[in-house]
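Written out below as structure tokens is the structure these notes cover.
The values are calculated or read from the model by the stated rules, or taken from the named source; none is laboratory data. Computed from a predicted model, the values in this text were never measured in an experiment. When we count neighbours, we look across all protein chains shown, and the Cβ atoms used for this are built from the backbone with ideal geometry, even at glycine. The accessibility values were calculated without ligands, DNA or RNA, using every heavy atom of the protein model including side chains. Shrake-Rupley method; radii C 1.70, N 1.55, O 1.52, S 1.80 Å.
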Amino acid sequence: MPEFDLVIRGGTVVTASDTVRADVGVRDGLIVALGTDLAPGQTNVDAGGLLVMPGGIDSHVHLAQPAFGGPAMADDFESGTRSAIAGGNTTVLPFALQPRGASLRSSVVDYHKEADGKSYCDYGFHLIISDPTSTVLGQELPSLVDDGYSSFKVFMTYDDLVLNDRQILDVFDCARGCGALVMVHCEGYDAIRFMTEKLEQAGKKAPYYHAVSRPESVEREAAHRAISHAELTDVPIMIVHVSGREAMEQLRWAQQKGLKVYGETCPQYIALTADDLKGLNMDEIGGKYVCSPPPRDHASWDAIWEGITTGVFQTFSSDHCPFYYEGTQGKLNPKARTSFKWVPNGIPGVAIRMQVLFSEGVVKERISLNQFVALTSTNHAKMYGLYPRKGSIAPGFDADIVLWDPNRKETIRQELMHHGADYTPYEGMAVTGWPVMTILRGRKVMEEGKILGEPGNGAFLKRGLSPFAKPARDSQPAYA
Ligand code: URP
Ligand code: ZN
Ligand code: ZN
């Protein structure tokens, strides 16, 4: 009986801290050995010329979320996680959303029904709090955190989700009490409504005006407000999907002040611009790129790189939020043609997150291989209570591994995405570096773009508390 179920031989193992030539031995779904010339396993994979990295962890994806009467999402758990493994990911963290008036616990139960038996990769849930009643804050959240849902997201915009400042403070205070990490969507609701009304009155209704309706100042103001509320309640927060200099500098300012404010950015903020929303001639094709915050401009790409390379951002996530383009459920649906405000917000990206960062970051020598691993896997595991089970290659970790060809040149194309959406906003983008095999707990689930795994291979991950959610030692809010 061979000592190992699987040996990955002859590759270059890259973790967030080291780059070494080593074989990786796997038994019972776990990494059990790293070394040279390991004994043959039951299965042996030749990784010569390839990078052997921890499977991607995408800590910000939206799958099968309730539509609130708008178009349905293009991905359920099956198609969304299929796309994830095609892109070299082995874990995703989507959001169990509490519709207003509903119990959070029952929303989580319902969301499990969407996921059970359908996921190609491992998954945990963040919670979206849209209705922070005293029951939610006093009973449901503390017990859900104990059950492994150790992070929440709150929104400062969107009709169905926006919380007012008092509600945000209450959620922050609750998170502090239960040790959870709060993710914040920073865009100011009233400013966006004002801009939207004014633009519509001026007849400016094409998808491009989505970007005009939520400029960087709207994101900067909300980021500052969220940071101030976090300071008041003495709670760490994660500001998600940061799009450009204004918000990035708010994060840097807070971090330099010693506040525990973490940051996430995404491929759309280094690969797309607001000009993409113009379409061919201010036409509906621009709807393909509508997401929030919107993509900005090339100067913003530089600012995001500044934030990535100087450590302002800890995580690089996709914010995969897929809608169809065509059809009555698409971005082009009849209502959406009447105004940008009805175009569903969100774009797919879970299948290309890692390639875009590798190509633009590692290949162009902006970041090291180790930073790449930290930004796409290790930091997500640490930030969201999955470490040391996920996020590295070392004995004892789950054998979640991506084999990566650093020299493979590809053009991003819809047919490579394996997602439910009928387009990719990155169509035609040339990248260098591509995942050639994804291994989930020791089992090959993707090889050369072929999906080998099955829905149901993925397991629910009960997450621990994030060490990043701990307030500074000895600190207290003034009211405690
Ligand atoms: O446009 C986006 N990003 N939609 C997804 C929801 C969110 O705010 O993350
Ligand atoms: Zn958001
Ligand atoms: Zn999102």
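Using DSSP, restrict attention to beta bridges with both residues in the chain and report what percent are antiparallel, rounded to the nearest 5.
So the antiparallel bridges in the chain amount to around 50 percent.
To the nearest 20 debye, what is the magnitude of the charge dipole of the chain about its Cα centre, counting +1 on the Cβ of each Lys and Arg and -1 on the Cβ of each Asp and Glu?
Dipole size: approximately 340 debye.
With all protein chains present, calculate the accessible area of Trp342 using a 1.4 Å probe and round the result to the nearest 10 Å².
Rounded to the nearest 10, the figure is 110 Å².
Consider all pairwise Cα distances in region 50-93 and report the whole-number % of them above 15 Å.
Of the Cα pairs, 47 percent sit more than 15 Å apart.
Please compute the contact order of region 56-367 in relative form: average sequence separation of alpha-carbon pairs under 8 Å and at least six residues apart, divided by the residue count, as a percent.
18 percent
What is the calculated FRET efficiency for Asp46 to Lys335, with r their C-beta to C-beta distance and R₀ = 56 Å, to the nearest 0.05?
Step by step, r from the Cβ atoms, then E = 0.60.
Count neighbours as other Cβ atoms within 10 Å of each site's Cβ, and list the GluC sites (Glu not before Pro) in region 367-430 that are DSSP loop with at most 16 such neighbours.
Glu427
Against the globular-protein guess of 2.2 N^0.38 Å, express the Cα radius of gyration of region 260-362 as a ratio, rounded to two decimals.
1.15
Starting from the 7 Å offset along Cα-to-Cβ, what nm value, one decimal, do you get for the label separation of Ser143 and Ala202?
Going from the Ser143 label point to the Ala202 one covers 5.2 nm.
Given axes a ≥ b ≥ c from the Cα gyration tensor, I'd like to know whether region 324-480 is rounded (a/c under 1.5), prolate (a/b larger than b/c) or oblate.
In terms of gyration-tensor shape, oblate.
Would you please put 467-480, 350-363, 153-166 in order of how densely packed they are, using the mean number of other Cβ atoms within 10 angstrom per residue and starting with the highest?
Ranking, from highest mean packing down: 350-363, 153-166, 467-480.
Once the Cα atoms of helix 77-86 and of the chain are each reduced to a long axis, what angle between those two axes, in degrees from 0 to 90 to the nearest 10, is obtained?
50 degrees
Placing +1 on the Cβ of each Lys and Arg and -1 on the Cβ of each Asp and Glu in region 56-367, which of Pro267, Pro66, Ala96 has its Cα farthest towards the positive end of the resulting dipole?
The residue sitting farthest along the positive end of the dipole is Pro267.
Need the list of aspartates and glutamates near Lys278 for cross-linking: C-alpha distance under 17 angstrom, and skip anything on the same chain fewer than eight residues off.
Glu200, Asp297, Glu427
Please name which of Tyr208, Ser106, Gly80 has its Cα lying farthest along the dipole of region 56-367 towards the positive end, using unit charges on Cβ (Lys, Arg +1; Asp, Glu -1) and the Cα centre as origin.
Tyr208
Roll a 1.4 Å probe over the protein chains and send me the accessible area per residue for the chain in Å².
Roughly 37 Å² per residue, with all protein chains present.
Using only the Cα atoms of the chain, what are the Rg and Dmax in Å?
21.4, 75
For a label point 7 angstrom out from the Cα of Val20 toward its Cβ, which stretches of region 347-390 have the backbone nitrogen within less than 11 Å?
Backbone N within reach: none found.
For the pairs Lys113/Lys288; Lys341/Lys390; Lys153/Lys257; Lys390/Lys470; Lys153/Lys331; Lys153/Lys390, flag any whose C-alpha to C-alpha distance is greater than 32 Å.
Checking Cα-Cα distances, Lys341/Lys390 exceed 32 Å.
As an exercise, identify the trypsin sites (Lys or Arg not before Pro) in region 59-125 lying in DSSP coil whose Cβ has no more than 12 other Cβ atoms within 10 Å.
Hits after loop and neighbour filter: Arg100.
With 18 Å as the cut-off, how large is the P(r) tail for region 45-178, expressed as percent of Cα-Cα pairs?
That fraction is 58 percent.
If you take the charge dipole of region 353-452 about its Cα centre, with +1 on Lys and Arg Cβ and -1 on Asp and Glu Cβ, which of Ala430, Pro395, Gly420 is farthest toward its positive end?
Among Ala430, Pro395, Gly420, the one farthest towards the positive end of the dipole of region 353-452 is Pro395.
Give the ranking of Asp275, Asp5 by solvent-accessible surface, highest area first, calculated with a 1.4 Å probe.
Output order, biggest surface exposure first: Asp275, Asp5.
Return the carbon/sulfur percentage of the accessible area of the chain, one whole number, probe 1.4 Å, all protein chains in place.
On the chain, the fraction of accessible area on carbon and sulfur atoms equals 49 percent.
Any idea what angle helix 245-256 forms with the longest principal axis of the chain, computed on alpha-carbon atoms, 0 to 90 degrees, nearest 10?
With both axes taken from Cα atoms, the answer is about 70 degrees.
Sort region 108-156 into rounded, prolate or oblate with this rule: let a ≥ b ≥ c be the square roots of the eigenvalues of the Cα gyration tensor; rounded if a/c is under 1.5, and if a/c is not under 1.5, prolate when a/b is larger than b/c, oblate otherwise.
prolate
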